[in-house]
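The values are calculated or read from the model by the stated rules, or taken from the named source; none is laboratory data. Predicted model, so just to flag it, every value in this text is computed and none were measured. Cβ: placed from backbone, ideal geometry, glycine included. Neighbour counts: every protein chain shown. Accessible surface is based on the protein model in full, side chains and every heavy atom, while ligands, DNA and RNA are left aside. Shrake-Rupley method; radii C 1.70, N 1.55, O 1.52, S 1.80 Å.
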Amino acid sequence: MKREERRQEIINLLVESRAVELDDVAARFGVSKMTIHRDLDDLERAGVLRKVRGGATIDAGTQFESDFRFRELQEADVKRALAEAAAELVEPGMTVMINDGSMASVLGDVLCAKKPITLITNNAAILERAKGMSGVTLIGLGGVFSAKFNAYFGIVTEEALSRLRADIAFVSAPAASGRLSYHMDEAVVRAKRAMMAASRQKCLLINSRRFGHTALHVLADLAEFDTVISDKSLPHDTAAELGGRTTVRIAKETT
């Protein structure tokens, strides 16, 4: 197994169990403990975990500034597949809104190839990567910066969105159950819904693993979206409740 693949697997283990033991990880991958030490050191420097005695954790006593960076490294193949499927809905010359989130930041990278294009976003990762790119008109939404979500939110963000119009908005969600999508943060929900209100088309990007879960706030009924893109077919009950009102696209992972 290549080094980057092993480190991705370590991240996946942390996602599942929140903590890993050094000895267990070394045995799992058939490498020395020193090799795993180096892996954990590099991942800690990247801000995606915290080393502890005998292993590593993603639990921290205080809010981790690396929340976004950790999510950005999770399931990179699925995010890329969803982004590629979403890009099929975009033609050069369109105006596109992209929300916060690590999945959306991958989409921002993909859409820069669709130039000329106008990107409207509160996603700091997209703003950083796309700034100065020829053929890309970049409109950054102001607001209060959230290190947790690596994006801007609040009254300033929502007011800016109320004065803009886009051809399509790409919105992501961390949870969905039945016909409803959810998010845990109220300010994030308001920004996502403001994007939906300001766009002619609305597209939801959601990892299939997020189905069957809820969060504190309802984001939207899936029927509010023109298109839902996931990496697997929607759960039977969700598909039945939608009843064909929304187009569902299944992203295919590239090999």
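Couplings 3J(HN,Hα) for region 132-138, derived from phi with the Karplus relation 6.51 cos²θ - 1.76 cosθ + 1.60 (θ = phi - 60°), are x, 6, 5, x, 10, 8, 10 Hz, where x marks Gly and Pro. The calculated FRET efficiency for the pair residue 165 and residue 223, based on their C-beta separation and a Förster distance of 22 Å, comes to about 0.50.
For the pair residue 134 and residue 53, the difference between a 0.36 nm per residue extended length and the Cα-Cα distance amounts to 24.4 nm.
Computing the accessible area with a 1.4 Å probe over protein heavy atoms, can you report the carbon and sulfur percentage for the chain? C and S atoms contribute 49 percent here. The residues of the chain expose, per residue, 48 Å² of accessible area to a 1.4 Å probe.
Calculated [222 nm] ellipticity per residue, helices only, for the chain: -11500 deg cm²/dmol; basis is -39500 (n - 2.57) per DSSP H run with n ≥ 4, divided by all residues, nearest 500. Within the listed set 227, 35, 214, the residue fluctuating most in the Gaussian network model of the chain (springs between alpha-carbon atoms under 10 angstrom) is 35.
When +1 charges are put on Lys and Arg Cβ atoms and -1 charges on Asp and Glu Cβ atoms, the dipole computed for region 67-179 relative to its Cα centre reaches about 120 debye.
Electrostatic tally near residue 112: other residues with Cβ closer than 12 Å to its Cβ, Lys and Arg +1, Asp and Glu -1, net +3. In terms of overall dimensions, the chain has a Cα radius of gyration and Dmax of 18.9, 57 angstrom. Each pair of Cα atoms in region 1-51 enters the Kirkwood radius, and Stokes-Einstein at 37 °C and 0.692 mPa s then converts it into a translational diffusion coefficient of 304 µm²/s. Straightening the chain between residue 144 and residue 113 buys 8.2 nm, computed as 0.36 nm per residue apart minus the Cα-Cα spacing. Note on the chain: with charges restricted to the Cβ of Lys and Arg (+1) and Asp and Glu (-1), its dipole about the Cα centre is near 300 debye.
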